[in-house]
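The values are calculated or read from the model by the stated rules, or taken from the named source; none is laboratory data. Please read these numbers as outputs of a predicted model, since none were measured by experiment. When we count neighbours, we look across all protein chains shown, and the Cβ atoms used for this are built from the backbone with ideal geometry, even at glycine.
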Amino acid sequence: MQINKFLEILLKSELNEDNRYETFRDEDDKTKKTLMHYAAELGFLHVTKTLAKKCPGLLALKTKAQLKPEKKQGLLPVEFALTMENDDVAAYLIRMMWHER
């Protein structure tokens, strides 16, 4: 729960000027994951909820597609949650994506 509190403070701070965390991508990761991808993949439900509330655009951002070593399409955060069997996170993301329509 402490990580979620830290995230809330960070998103409200001047460090998030121009909503930079909504467009942040991990440059060290070959698929360029967003904060939402990591939260979904790791099963951080409270962090996922905070990100969805503060940065709803992250719900629809896919990772970068990969051509090598094999062709893989970009993935949504909900797909990471489903792959990792983080059912609570996946269910929440599906509800939020349906709501965003």
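When TRP98 is tested against (1) modelled with pLDDT of 90 or more; (2) surrounded by fewer than 12 Cβ atoms within 10 Å (Cβ to Cβ); (3) assigned to a helix (DSSP H, G or I), only condition (1) is not met. From the list THR31, THR50, exactly one residue is in contact with a Gly (Cβ under 8 Å, 6 or more places away or on another chain) and more than 13 Å from VAL78 (Cα to Cα). Which is it? It is THR31. Give segment 70-101 a look and list any residue that's over 20 Å from ASN19 (Cβ atoms) and among the charged types (D, E, K, R), or say none. Correct list: GLU70, LYS71, LYS72, GLU79, GLU85, ASP87, ASP88, ARG95, ARG101. May I ask you to verify whether GLU17 is assigned to a loop (DSSP other than H, G, I, E, B) and of a type outside the set (A, V, I, L, M, F, W, C)? Answer is no for this residue. Once segment 8-37 is narrowed to residues that are among the hydrophobic types (A, V, I, L, M, F, W, C) and under 18 Å from ALA60 (Cβ atoms), the residue that is modelled with the lowest pLDDT is PHE24.
Among the residues making up segment 1-42, those that are surrounded by 12 or more Cβ atoms within 10 Å (Cβ to Cβ) and either of a type in the set (Asp, Glu) or on the phi > 0 side of the Ramachandran plot (or both) are GLU8, ASN19, GLU22, ASP26, ASP29, LYS32, GLU41. Within segment 43-56, the set of residues being charged (D, E, K, R) and either under 28 Å from LYS71 (Cα atoms) or surrounded by 14 or more Cβ atoms within 10 Å (Cβ to Cβ) (or both) comprises LYS49, LYS54.
Whenever a residue of segment 54-69 is under 11 Å from GLU22 (Cα atoms), its partners that are modelled with pLDDT of 90 or more and assigned to a loop (DSSP other than H, G, I, E, B), lying with C-beta atoms within less than 6 angstrom and at least six residues away or across chains, give the pairs LEU58/THR34; LEU61/THR34.
Of the residues making up segment 20-52, those that are assigned to a loop (DSSP other than H, G, I, E, B), aromatic (Phe, Trp, Tyr) and under 18 Å from GLU85 (Cα atoms) number 1. For segment 65-95, filtered to residues that are at pLDDT 95 or above and charged (D, E, K, R), the residue that is nearest to TYR38 (Cα to Cα) is GLU79.
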